[in-house]
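Quick notes on the structure that follows.
No value in this document is a laboratory result; all are computed from the given coordinates. All values derive from a computational prediction rather than experimental measurement. Ideal geometry is used to build each Cβ from the backbone, glycine not excepted, and the neighbour counts take in all protein chains shown.
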Amino acid sequence: MRIALFGTGGMAAALGSRWRQHRLTVSGRDPERAAKLAGELGAEVQPWAAAAREADAVLLAVPVSALEELLPPLELTGTVLLDCTNTPGDPEPPGTPVATRIAELAPGASVVKAFNLAKVDVWRRTPPTFEGRPLGVPLCGAPAAVEVAAELVRDVGATPLPAGGLDRAPLLEATAAFAIGLWLRGADARTMLMS
Ligand SMILES: NC(=O)c1ccc[n+]([C@@H]2O[C@H](COP(=O)([O-])OP(=O)(O)OC[C@H]3O[C@@H](n4cnc5c(N)ncnc54)[C@H](OP(=O)(O)O)[C@@H]3O)[C@@H](O)[C@H]2O)c1
């Protein structure tokens, strides 16, 4: 698979390191950081537009605030857009769902909300486990795109959890916002989901 990593920070590095068997490209606004990450991953640096045009899947590992400017000029028809973003801070009430906005900004692409519920440190683990059990990764998007995302979840050593269409992505975003809000107040948000 041809995977374009958008962003050169923690999430791109952590997930990209699990996808080395694919053809990886790195795109970022800082050429030095892009070259450094590409070197670490055995990837190629590409400008956003070329990477988008050639990729089967794009990991959007940039802040939500970058998307309005970044996405509209790109050719993304038929491309799977992996949306791992979370809204910073503790939004109450949550604003417009990001995945919905991404689908508007890149109308021909197939957006999958994925990888947004665990911290970057978790994605660095090989494999990412939660108290000894494989991490479950909920995926919201169209079935064909979710299948692509599921392959990439298995590649990181986690378990894909298909969780419905993109209309359910706001639930994943709200879950993250709720859990991050608890975490910022010093609570252990994981305990609320234990059975
Ligand atoms: N960190 C986590 O634990 C975690 C977990 C789940 C989901 N997420 C989500 O994953 C996404 C990436 O997070 P991260 O932790 O990888 O962040 P990060 O380490 O701060 O990296 C962000 C990347 O986005 C780039 N960027 C920032 N503003 C940009 C702009 N306006 N245009 C283009 N590129 C821009 C940065 O470039 P520069 O280096 O030039 O600043 C950097 O390459 C975020 O949406 C975040 O909410 C993060």
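If a residue must be part of a helix (DSSP H, G or I) and more than 20 Å from THR100 (Cβ to Cβ), how many such residues does the stretch 149-178 contain?
Quick first cut of the stretch 149-178, residues part of a helix (DSSP H, G or I) only: 149-155, 166-178.
Filter again for more than 20 Å from THR100 (Cβ to Cβ), leaving 150-155.
The number of residues fulfilling the criteria is 6.
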PHE130 - would you say it is closer than 22 Å to TRP183 by Cα and under 15 Å from the mean Cα position of the chain (by Cα)?
no
Any residue at all in the stretch 157-176 that is under 22 Å from GLY16 (Cβ atoms) and in contact with a Cys (Cβ under 8 Å, 6 or more places away or on another chain)? yes
The one condition ALA51 fails out of (1) in contact (Cβ under 8 Å) with a residue 40 or more places away in the chain; (2) under 14 Å from the mean Cα position of the chain (by Cα) is (2)
Test LEU117 against the stated conditions and say whether it is in contact (Cβ under 8 Å) with a residue 40 or more places away in the chain, assigned to a loop (DSSP other than H, G, I, E, B), within 14 Å of the ligand (Cβ to nearest atom) and closer than 17 Å to THR87 by Cα. yes
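So, in the stretch 3-33, exactly how many residues are within 10 Å of the ligand (Cβ to nearest atom) and either part of a loop (DSSP other than H, G, I, E, B) or within 19 Å of CYS84 (Cα to Cα) (or both)?
Here is the first cut: in the stretch 3-33, the residues within 10 Å of the ligand (Cβ to nearest atom) are 5-15, 26-33.
With the extra rule that they be either part of a loop (DSSP other than H, G, I, E, B) or within 19 Å of CYS84 (Cα to Cα) (or both), the set shrinks to 5-15, 26-30.
Qualifying residue count, the stretch 3-33: 16.
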Scanning the stretch 41-70 for residues that are acidic (Asp, Glu) and away from the ligand (no atom under 12 Å from the Cβ) gives GLU44, GLU54, ASP56
